[in-house]
Amino acid sequence: LTGVLDDCLCDIESIDDFNTFKIFPKIQKLQERDYFRYYKVNLKRPCPFWADDGHCSIKDCHVEPCPESKIPVGIKAGSSNKYSKAANNSKELEDCEQANKLGAVNSTLSNQSKEAFIDWARYDDSQDHFCELDDERSPDAQYVDLLLNPERYTGYKGPSAWRVWNSIYEENCFKPRSVYRPLNPLAPSRGGLGSVCCFSWTGLCLEKRVFYKLISGLHASINLHLCANYLLEETWGKPRWGPNVKEFTRRFDPAETKGEGPRRLKNLYFLYLIELRALSKVAPYFERAVVDLYTGNGHEDAESKALLLDIFRDTKSFHMHFDEKSMFAGDKKGAKSLKEEFRLHFKNISRIMDCVGCDKCRLWGKLQTQGLGTALKILFSEKEIQSLPENSPSKGFQLTRQEIVALVNAFGR
């Protein structure tokens, strides 16, 4: 791939150089830190759209949850919003006072009213989220060590996997009039993988083009990881993983994909730019002393924050960022409506991830979707981030630990 990407003033060679020599080595180190390697996820949530009929029984689909004893004390003890020891203590006092106040009121409320209030609060909290978040208090939510459960090809494929991606593209994605995609493997053969040959953005505004490219880029990213870490052979119970060039060619070669493969890869670069932009925009949030990346190990926490701030400095030095200000910039009413449509489409996609039949694929699908959703939340909260108080918890904008972990690991992917 070479040349300039559509919808931004950036060329592929510049991104490659910047990533290879500045970002990638540091982001790899950051992902190995305790704060970023443990991700709490509920892999047992039922699929909300269809009966889950494609559960993967292949052993490589299995995710090994982390034993309680291995989780750093500062991570498992704190709620998702607690970043530092000081925040832990002050938040407990606030929670206590709040509970007392609510206790005084609750005695006069019916159970139905209480549930309604809880629903309202949950609704208010979700208004700036682009993703459906797992309930971390659920008994089914477990910590997973991402380093011990790497994303790779597990053998999960066929109708179940196809159904997930088809639902994402056909029902939840603004897309060009005609895009070549593999047809339903269940349908009668029509001679090859498909017959669509042309690609037209006619009638699709910038925002909807961006949305399609992000989903296509996410799809390309996941497919690349599967090709790069493929089960090549298994002899005497010892699997050998590595790059599968034939599989890569099948998914991305122009001749195999009717010219669509390189465009998919360009969309991966576009996804990179969007998440890079989000990291540069969220820097002020983490530069405050109140944010510690707290695990309970003071020395490691300080090193993790220093490395994260170093990455932020690098992201700011990149001179060809995507300009998100050009999005939702029309008349206020129309822009607000389009932004909300954008958010709800993406939220639905995050719910579809609960329909993935392979646990390992579901884990990484949920994490990368949440990471992209967090990036979008950041890009549309610039004013709130700029007006954050220096020494007190955020009111207008905040990130949970899960969102922070997802953001960094998705960008790392």
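Readers should treat all values here as calculations from the given coordinates under stated rules, not as data from a laboratory. Since we're looking at a predicted model, the values are computed, not measured. A quick note on method: Cβ atoms are made from the backbone with ideal geometry, for glycine too, and the neighbour counts reach across all protein chains shown.
Descriptive notes on the structure:
- Ordering of 14-23, 34-43 by packing [mean C-beta count within 10 Å, highest first]: 34-43, 14-23
- Applying a threshold of 30 Å to the alpha-carbon distances of LYS70/LYS383; LYS347/LYS383; LYS258/LYS333 flags LYS70/LYS383; LYS258/LYS333 as lying beyond it.
- Packing rank of 246-258, 354-366, where each peptide gets the mean count of other beta carbons within 10 Å, highest leading: 354-366, 246-258
- Translational D in µm²/s for the range 286-387 (Stokes-Einstein at 25 °C, 0.890 mPa s, Kirkwood Rh from C-alpha pairs): 146
- Chain lengthening between LEU9 and ILE58 when straightened (0.36 nm per residue, less Cα-Cα): 13.2 nm
- Checking every one of the GluC sites (Glu not before Pro) in the range 321-413 against DSSP loop status and a limit of 13 other Cβ atoms within 10 Å picks out GLU390.
- Inter-site label distance for CYS205 and ASN166 at 7 Å from Cα along Cβ, in nm: 3.1
- When each of LYS208/LYS325; LYS336/LYS377; LYS157/LYS213; LYS213/LYS366; LYS208/LYS377; LYS26/LYS246 is checked by Cα-Cα distance, pairs over 25 Å: LYS26/LYS246
- Residue-normalised convex hull volume from the C-alpha trace of the range 318-371: 84 Å³ per residue.
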